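Notes for the one structure printed next.
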C-alpha cells in the first residue's frame, strides 16, 4: 500500500548502553510532545475539530517522557542525557506532516489519528532495528519493551481512527441530507470552474498588483479544456469575502488531493505525467493562496 519507507533513516550503529537507549527514547518522545503540543495550542478555528486529538497525543507523549525519565533514573542512576547520544535519532513525527495538518482546511480527527498511528508504527519499526543490532542483552530487553509499548499505543490510535471514520461518515451523511451546500462537487473540471469564480470574487478586494498576480496564477494553473466562460463570472450571492476565501482554500486543497490521487491511480505513463503536472501546479496555487490569506489575517 505505502510506496514510501516508514523510516527515513535507521540506527547507523548498535546502541551500546542503557543510558544511550533511554536518551534516544526520551529525545523522540520529547520531539513528539513538542510537535503534537504545537497543534494542540493552536487557536485557529480551522483546527478546532482536531485540537482535542492533539491534546490527547501531546499528553500521552509528555507522560512517556516522565516515565522514561523515571525508568532511566532507576536503571542508570541519572535522568536521560542528550550527551549520551552518538547520533541524531530520527524524528518520528516529521515537521512536514505536522505542517500538512496545520495548514489544511480539510483536517479531521481521522487524519489526526492516522498520523498518530503512523508515528507509533514508525516507533515499532525503529525499535525492531535497535533490537536486531543490539549486542547488550539488557539493551535488547529494554528495547523490546519500547517496541511492545509502540504496538499497544498503535492499536489504541487505530481504534480512535476507526471511531473517527465512522463519526465522519455519519456527519457527512447528515449534512448532505440537511443541506445541498454540503455536497461538494467531485469533478475536477467543475471544482476548477468554481474555484476560479471564488478567486475572481476574492481579487475584487485586492490592490491592482495583487489582483493581477492572483488572476495570472490561476490562469496558468488551468488547462484550456477546464476554462468554462459561462462559469467564470463572480457570483454576487456567493457570500462575504471571508467565506469566499475559506471556500477557495478548501477547493484548492481538494483539487490538489484529486490530482495527487489521479497520479497514484494512473494506468499509463501519459496519464500519470498529466496528473503529476496538474498536481504540482495545484499545490503551487494552494501555497500562493494560503500566503495571500495569511497576509490578510485569514488562516
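Observations on the structure shown:
- Note on region 18-178: Cα Rg divided by 2.2 N^0.38 Å, N the number of residues, gives 1.16.
- Going by neighbour counts of Cβ atoms within 10 Å, the residues 24, 90 line up, fewest first, as 90, 24.
- Gain on full stretching of the segment that runs from residue 67 to residue 43 - 0.36 nm per residue minus C-alpha separation: 5.7 nm
- Per-residue extension of 0.36 nm, minus the Cα-Cα distance of residue 169 and residue 87, leaves a gain of 25.1 nm for this segment.
- Approximating the spin labels as points 7 Å out from Cα along Cα→Cβ, the residue 99-to-residue 125 distance works out to 2.2 nm.
- Residue 10-residue 242 FRET efficiency (beta carbon distance; Förster radius 35 Å; 0.05 resolution): 0.15
- Counting neighbouring beta carbons within 10 Å and listing from fewest to most, the residues 187, 83, 69, 19 come out as 83, 187, 69, 19.
- Sites residue 268 and residue 75 - FRET efficiency at Förster radius 51 Å, r taken between beta-carbons, to 0.05: 0.35
Where a number appears in this text, it was derived from the coordinates with a stated rule and is not lab data. Computed from a predicted structure; not experimentally measured. Because the Cβ atoms are built from the backbone with ideal geometry, glycine has one as well, and the counts that use them run over all protein chains shown.
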